[in-house]
Amino acid sequence: FDTAFHATLPRRAYLYGLPLSYAERGLRRYGFHGTSHDFVTREAARLLGRERDQLRLVSLHLGNGASGAAVDRGVVVDTSMGFTPLEGLLMGTRSGDVDPGLVLHLLREGVPSDEIDALLNRRPGLAGMSGVSNDMRDVRAAAAAGSDAAAAALEVYAYRVRKLVGAYAAAMGGLDAVVFTGGVGQNDAATRAAALEGLGFLGVRLDEAANAAGGPVISEPGSPVAVLVVHTDEEVLIAAQAVEAARRAGGRAS
């Protein structure tokens, strides 16, 4: 399952601030994009010539759906999506984090639940904020042409990613590498630069030329924190896991 890589989440990360009986009913944080985060952190470790279980990694899957994961020496200790993929970062057509009180306010105003669902899951995000598109290229073009709404969407998008990197560095007690993947993470140098702006205090030093070229390593040589661009290949990892499962099943059968 897409959530499987996040099965190692400690309870401090997967619990909501609700009575524990709700978690026992399954109402807790699960996370998504697990196969992608698993693949790109393995590949990042390979590119760095190190074992994943030696590294503290922040993996950023930025596409129409967007999520981050804190992978501490091969183990996920936090991730941005929760009970559903709606939680966390701003996305193409999802709002990401919203005060639940806002939802209650809309319900009390008589807004139907289906309309609120659409407001959070299908009409917001880059598309809703910019009024242009869920495609980062279109939003960036609109901002360059003078659209303040598109510029605001870009600011919020990058700011939420930047906050996540800082929070996950704190959660892991340090940071060795940041990994970008997904359609935006792999292809949009401006988003990568904006998301990492101001993180020099953590040891993040972006090489502008390498970033413009697309990597795979886009941090300055000798930077305390490596920054990489890794093209995700979930199918390869799923195939490898299937082969391993078949091998184990064959061993039991024999």
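The values are calculated or read from the model by the stated rules, or taken from the named source; none is laboratory data. Because the structure is a prediction, the values reported are computed rather than measured. Neighbour counts run over all protein chains shown; Cβ positions are idealised from the backbone, glycine included. These accessible areas exclude ligands, DNA and RNA; they are computed on the full protein's heavy atoms, side chains included. Shrake-Rupley method; radii C 1.70, N 1.55, O 1.52, S 1.80 Å.
Computed packing ranks the peptides 138-147, 11-20 as 138-147, 11-20, most packed first, by mean other Cβ atoms within 10 Å.
Accessible surface computed residue by residue for the chain, with neighbouring protein chains in place and a 1.4 Å probe, gives 50 Å² per residue. Keeping the other protein chains in place, figure out the carbon and sulfur percent of the accessible area of the chain, with a 1.4 Å probe. C and S fraction of accessible area: 54 percent.
Report, as a whole number in µm² per second, the diffusion coefficient that Stokes-Einstein gives for segment 1-149 at 25 °C and 0.890 mPa s using the Kirkwood radius over alpha carbon pairs. All intermediate terms of the calculation are to be shown ahead of the outcome.
On the way: Rh = 17.0 Å.
Estimated diffusion coefficient is 144 µm²/s.
What percent do you get for the relative contact order of segment 1-93 when only Cα pairs under 8 Å and 6+ apart count? Mind dumping the intermediate values first?
Working: 162 pairs, mean separation 27.9, N = 93.
For segment 1-93, the relative contact order is 30 percent.
Taking every DSSP beta bridge that has both residues in the chain, what percent is antiparallel when rounded to the nearest 5? Kindly include the intermediate steps, with their values, before the conclusion.
Details: 13 of 23 bridges.
In the chain, DSSP labels about 55 percent of beta bridges as antiparallel.
Over the chain, what relative contact order in percent results from Cα pairs under 8 Å that are six or more residues apart? Walk me through the numbers on the way to the answer.
Numbers: 460 pairs, mean separation 44.5, N = 254.
Once normalised by length, the contact order is 18 percent.
Using a probe of 1.4 Å, the accessible surface attributed to residue 231 totals some 110 Å² when neighbouring protein chains are kept in position.
For segment 151-240, what ratio Rg/Rh do Cα atoms give with a Kirkwood hydrodynamic radius?
Values: Rg = 13.4 Å, Rh = 13.6 Å.
Ratio value, two decimals: 0.98.
Each of 131, 7, 170 was scored by the projection of its Cα onto the charge dipole of the chain, and the greatest displacement toward the positive side belongs to 7; charges sit on the C-beta of Lys, Arg, Asp and Glu.
Entry note, the chain: the mean residue ellipticity at 222 nm calculated from DSSP H runs of n ≥ 4, each adding -39500 (n - 2.57), is -14000 deg cm²/dmol after division by the residues and rounding to the nearest 500.
The heavy atoms of residue 43 present about 50 square angstrom of accessible area, all protein chains included, probe 1.4 Å.
Mind pulling the per residue volume of the convex hull built on the Cα atoms of segment 106-176? Å³ is fine.
On the way: hull volume 9.4 nm³, N = 71.
About 133 Å³ per residue, rounded to a whole number.
Could you work out the Rg to Rh ratio of the chain, with Rh taken as the Kirkwood radius (inverse of the mean 1/r over all Cα pairs)? In the chain, Rg relative to Rh is 1.00. Each residue of segment 216-221 was assigned a 3J(HN,Hα) from its phi angle through the Karplus expression (A = 6.51, B = -1.76, C = 1.60, θ = phi - 60°), giving x, 9, 10, 8, 5, x Hz with x at Gly and Pro.
Please sort through the DSSP H helices of the chain and keep those with an alpha-carbon extent of at least 15 Å along the long axis and a Kyte-Doolittle average not below -0.5. Each step should come with its number before you reach the end.
Details: long enough: 34-48 (21 Å, -0.24); 148-172 (36 Å, 0.64); 234-253 (28 Å, 0.05).
Answer set is 34-48, 148-172, 234-253.
Compared with the direct C-alpha span, the chain from residue 122 to residue 8 gains 38.0 nm at full extension, assuming 0.36 nm per residue.
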